[in-house]
Amino acid sequence: MNRDASEPDAPPREQVGVGDADAFQRLWTPHRMAYIKGEGKPAGDTECPFCSIPSLGDTDGLIVARGITAYVVLNLYPYNGGHLLVVPYRHVADYPDLDDAETAEVAVLTKRAMRALRHASDAQGFNIGMNQGGIAGAGIAAHLHQHVVPRWGGDTNFMPVVGHTKVLPQLLNQTRELLAAAWAQV
């Protein structure tokens, strides 16, 4: 039998592997497979989740706030806990195609989202931006949306880099409730 000379009690090499205890903890995130496979992504302009979300109730749609021309919703596949999207109701892909009222409300809702995230979770910083087009990383390129990602010192760690996993401390419905309450106070 092939044994490692440095470990006389080690199992034979051909038996090491699946199912054996090792030093690694596993954090299973099977819900991410839908994102990886692209499930639920619109097939075209007729199947846009950002167009259908407003017809849902706030809890079911994970909507934090509704404006006149835009709304704020939790990202289903967040980079960090509290990752919000500011989305115009109108199905438009390109930022220059927003009208002045939509542009203004997206800006106002983004500022308010930052205030609510600071109030609810003591966010210390933010990544804010739009990915315009699939080539630029937009997961749903056909409907413009602005990301508001809260950041904290130490929130960048080995998990996303080594484990390709983001650890989130709260379920999305709990985060929505917390942020909706904070929204009313800012």
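The values are calculated or read from the model by the stated rules, or taken from the named source; none is laboratory data. Owing to the predicted nature of the structure, the values given are computational and were not obtained by experimental measurement. Neighbour counts are summed over all protein chains in view; Cβ atoms, including those assigned to glycine, are modelled from backbone coordinates with ideal geometry.
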Please verify whether the range 54-70 includes one or more residues that are modelled with pLDDT of 95 or more and farther than 22 Å from Ala184 by Cβ. yes
Within the range 92-114, count every residue that is touching a residue at least 40 places away in the same chain (Cβ under 8 Å) and within 19 Å of Leu62 (Cβ to Cβ). 4
For the range 150-170, enumerate the residues that are under 13 Å from the mean Cα position of the chain (by Cα) and modelled with pLDDT of 80 or more. Pro150, Arg151
State all residues of the range 72-93 that are more than 16 Å from the chain's Cα centre (by Cα) and of a type outside the set (Gly, Ala, Ser); if no residue qualifies, say none. Pro88, Tyr89, Arg90, His91, Val92
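Every residue, every condition in (1) assigned to a strand (DSSP E or B); (2) touching a helix residue (DSSP H, G or I) at 6+ places or on another chain (Cβ under 8 Å); (3) of a type outside the set (Val, Ile, Thr), yes or no:
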position: Val73; (1), (2), (3): yes, yes, no
position: Gly81; (1), (2), (3): no, yes, yes
position: Val86; (1), (2), (3): yes, yes, no
position: Ala93; (1), (2), (3): no, no, yes
position: Glu102; (1), (2), (3): no, no, yes
position: Val108; (1), (2), (3): no, no, no
position: Met114; (1), (2), (3): no, no, yes
position: Ile140; (1), (2), (3): no, yes, no
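Assess whether Gln174 counts as being surrounded by fewer than 18 Cβ atoms within 10 Å (Cβ to Cβ) and at pLDDT 90 or above. Full working, then the answer.
Details: surrounded by fewer than 18 Cβ atoms within 10 Å (Cβ to Cβ): yes; at pLDDT 90 or above: no.
For Gln174, the condition - surrounded by fewer than 18 Cβ atoms within 10 Å (Cβ to Cβ) and at pLDDT 90 or above - is not met.
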